[in-house]
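Here is the structure we will look at, set down as structure tokens.
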Amino acid sequence: MEFAYSNDLDDFIDPDMAYDYFWSDLITSKSAFKCPNENCNADITCANIEKVKQDMKQVPHFRGYHHIEGCQYDSKNKNSSTDSDEIYANAKIGISSCDKFLLNRPEAKDSTLESGTTSGYSRNEDSKKYTGGRYYSIRSLVSKWVQFRKNDLLDKALLKIEGKDITYKELFKGVFHQELDELPDQNRIYWGTAFIDRIESIPGYKIKFCSQFDYYEESINPSFIISDSDIEDYKVKKLLKLRLKTINELKTPIGLVFIYGIPYQKESKGNLYINFSLRNLDYLEIRYTDLFEQLKVNKEDEKD
Ligand SMILES: [Zn+2]
């Protein structure tokens, strides 16, 4: 089941968005969902919604109980087609899924509803079709990228950003010895394993990628800072704090980091640095390194 009705939000929502809303305290419980079929009163639970960790085995997903006879959302029903089937089928033949990445988190829920729901689903029976999700956090994009990568669809699946289509393959770039000057001058999601260090003098965290970018003769590990005060202002701070703290306390404090932005070089006291500016914490996602192992990244395709 790709989406469910949230009692708290009075809206249809997919499991990634449910996860985001749960960790920003807008969804109160893992079982506060109903079947999208208006005639069916089945209770829906979002499994794994409370888990700090997300990887290939542990993803948030909906499970329904006691659907009415013949409900199209009942997975036991032979005729139930899942929306993900449709999304992957579209991706396979290169059709845009119409998913959009919004550059800012909508202030109020209503502002996302001008043309459909946040999730891209409509309650209207005639248009019970996936019309594209609207995402404002790269957390959801990372989850989709993991799925597309698993299904070998990275170069086909599309996302709309500021009116332009981009494939997931173009959007995600591993940090791995690229020439800084040859990187795109538009925002991309850079990712890789990174050290997460606590710096009390900020106070905050310094995140430094384990791999380098090349700049003329030098190889430099790109890095950026997250301050505690920015974290305090963030809607999903509970989740971010827990992940940062958990990784920081590991013997080797390394996590898998994704950041949407443009790297730039900077000189300070005779040293060269490559930094990212982090405008918005929705542009950052931190996962645990076992996802990296599950992705079975090899050196050849790390740049993609
Ligand atoms: Zn149902």
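Overview of values
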{"item": "Residue match in segment 169-181 (condition: aliphatic (A, V, I, L, M) and farther than 23 Å from ASP20 by Cα)", "result": "yes"}
{"item": "Every residue from segment 45-72 that is within 24 Å of VAL146 (Cβ to Cβ) and near the ligand (Cβ under 8 Å from one of its atoms)", "result": "GLY64"}
{"item": "Residue match in segment 142-153 (condition: under 22 Å from LEU281 (Cβ atoms) and among the hydroxyl-bearing types (Ser, Thr, Tyr))", "result": "yes"}
{"item": "Pairs with Cβ under 7 Å, 6+ apart, first in segment 23-42 and on the phi < 0 side of the Ramachandran plot and not assigned by TED's automatic domain parsing to the domain that holds ASP8, second near the ligand (Cβ under 8 Å from one of its atoms) and hydroxyl-bearing (Ser, Thr, Tyr)", "result": "none"}
{"item": "Any hit, segment 221-242, residues being among the polar types (S, T, N, Q) and surrounded by 15 or more Cβ atoms within 10 Å (Cβ to Cβ)", "result": "yes"}
{"item": "Check on ASP43, at pLDDT below 90 and surrounded by fewer than 20 Cβ atoms within 10 Å (Cβ to Cβ)", "result": "no"}
{"item": "Search result, residues across segment 243-296 that are among the acidic types (Asp, Glu), surrounded by 13 or more Cβ atoms within 10 Å (Cβ to Cβ) and outside any helix (DSSP H, G or I)", "result": "GLU285"}
{"item": "Residue in segment 160-169 that is within 21 Å of ARG279 (Cα to Cα), at pLDDT below 95 and touching a helix residue (DSSP H, G or I) at 6+ places or on another chain (Cβ under 9 Å) present", "result": "yes"}
{"item": "Residues (within 13 Å of the ligand (Cβ to nearest atom) and either polar (S, T, N, Q) or farther than 10 Å from ALA4 by Cβ (or both)) located in segment 25-42", "result": "ASN37, GLU38, ASN39, CYS40, ASN41"}
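The values are calculated or read from the model by the stated rules, or taken from the named source; none is laboratory data. Values in this document were obtained by computation on a predicted structure and should not be read as measured data. Note that each Cβ is placed from the backbone with ideal geometry, even for glycine, and that neighbours are counted across all protein chains shown.
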